[in-house]
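Quick notes on the structure that follows.
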Amino acid sequence: MPPHTSAAQQVSLIPVLSDNYVFVLHGDPGGAAAVVDPAVAAPVIAWLEARDLHLAAILHTHHHHDHIGGTPDLLRRWPGAAVIACAADRARIPFQTQGVAGGDRFTLLGREVQVLAVPGHTAHHIAYYLPGAVGLDELFCGDTLFAGGCGRLFEGTPAQMHNSLQQLAALPEATRVWCAHEYTEANLRWAAAEEPGLKAVGDRLGQVQQQRATGHPTIPSSIGLEKATNLFLQAANGDQLRQRRGSKDLWRG
Ligand SMILES: [Zn+2]
C-alpha cells in the first residue's frame, strides 16, 4: 500500500442494539474496511455497502455475544475476511483465522496494530492499539475501559482489572478511546455521587448530558480525559478498584 494510505484511514462508529457501538476502520469509498466487535451484521453490511467498502477483517476484543454475534453473517457476505481474536479463547470465539495474544503486532489496512492483554471483564479480553500521528492513535478496548467507567468483573480479579487499566493509562494521552458501549452518562452520574468534590467529573457530566440530550455519541473518549475523570483508572490499587466496582455494581441512581 502507498504510504499515504494509512493517513487516509479513519474510524467511524455504527450504533447498534440498545447501547453497543461497532467500529469501522476504513479509507475512501471503494476501498477496504475492518470492523471491531460486530454485535450484529445487518446494519454493518448496509453501512459498508452504502459506501462501496468491502470487508477485509473482523476484530474481536472478547467472546461476549454482543461483540461477536454478527460475524457469521458478515462472513457469508465477505467470505474472504480475516477474523482476528484471542488465540487462547478459540473455543468461545469461533471463525478465527488469525489468533493473537498480548504483545503481538500486525498490520491492518496499512496501520500497525499492537495487541494488549487486558483481562478482568473476561479472562482472555484483548485490546487493539493503533499508533498514529499525534492525535490519531486509536484504541479499541471492548468492555475493559468505558468512558467514565470499566467493565464488570465477570471472570477476572480486581487486581487484574487494575493492571489492565494501568496498561491503557500508559498510552499517549491523545489516544482516542473507542469504548464498545454508550454507558458514559450513567458512569459519570455514579462517579459524581461517589466523589462529589471532583470538579472535572461534574464538568464532564454536564457536557455528556448535553451530548446525549441532542442524540450525539460520547465516544470516542481519550486517555487524557479518562485519566482526569475516570475513578476506575484513578484507583490506586486492586483494593480501591474492588471497592469502586462494588459500589457501581450496586448503584441504582
Ligand atoms: Zn462483554
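Among the residues of the range 42-56, none qualifies, meaning not one is open to solvent by less than 20 Å² (accessible area, probe 1.4 Å), within 16 Å of the ligand (Cβ to nearest atom), out of contact with any Gly (no Cβ under 9 Å at 6 or more places or on another chain) and outside any strand (DSSP E or B). Kindly indicate whether any position in the range 155-169 is within 21 Å of GLN207 (Cα to Cα) and either of a type outside the set (Ser, Thr, Tyr) or within 16 Å of the chain's Cα centre (by Cα) (or both). Checked against the condition, which is being within 21 Å of GLN207 (Cα to Cα) and either of a type outside the set (Ser, Thr, Tyr) or within 16 Å of the chain's Cα centre (by Cα) (or both), the range 155-169 yields no hits at all.
Residues that are open to solvent by 70 Å² or more (accessible area, probe 1.4 Å) and in a helix (DSSP H, G or I) are absent from the range 217-224.
When GLN243 is tested against (1) of a type outside the set (A, V, I, L, M); (2) open to solvent by less than 40 Å² (accessible area, probe 1.4 Å); (3) under 27 Å from HIS63 (Cα atoms), only condition (2) is not met.
All of VAL201, VAL113 fail the test of being under 21 Å from LEU250 (Cα atoms), out of contact with any Asp or Glu (no Cβ under 6 Å at 6 or more places or on another chain), open to solvent by less than 60 Å² (accessible area, probe 1.4 Å) and more than 16 Å from the ligand (Cβ to nearest atom), apart from VAL201.
Yes or no, residue by residue, for (1) without any contact (Cβ under 8 Å) to a residue 40 or more places away in the chain; (2) open to solvent by 40 Å² or more (accessible area, probe 1.4 Å):
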{"residue": "GLN9", "(1), (2)": "no, no"}
{"residue": "GLY27", "(1), (2)": "no, no"}
{"residue": "GLY30", "(1), (2)": "yes, yes"}
{"residue": "GLY69", "(1), (2)": "yes, no"}
{"residue": "VAL100", "(1), (2)": "yes, no"}
{"residue": "PHE106", "(1), (2)": "yes, no"}
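On inspection, LEU136 fails the criterion of being within 12 Å of the ligand (Cβ to nearest atom) and surrounded by fewer than 21 Cβ atoms within 10 Å (Cβ to Cβ).
Scanning the range 144-175 for residues that are within 15 Å of the ligand (Cβ to nearest atom) and surrounded by 24 or more Cβ atoms within 10 Å (Cβ to Cβ) turns up THR144, LEU145, PHE146, GLY149, CYS150, GLY151, MET161, SER164.
The values are calculated or read from the model by the stated rules, or taken from the named source; none is laboratory data. What you see is a predicted model, and the numbers here were worked out from it, not measured in a lab. All Cβ positions, even for glycine, are placed from backbone atoms using ideal geometry, and neighbour counts span all protein chains on display. For accessibility, only protein heavy atoms count, side chains too; no ligands or nucleic acids. Shrake-Rupley method; radii C 1.70, N 1.55, O 1.52, S 1.80 Å.
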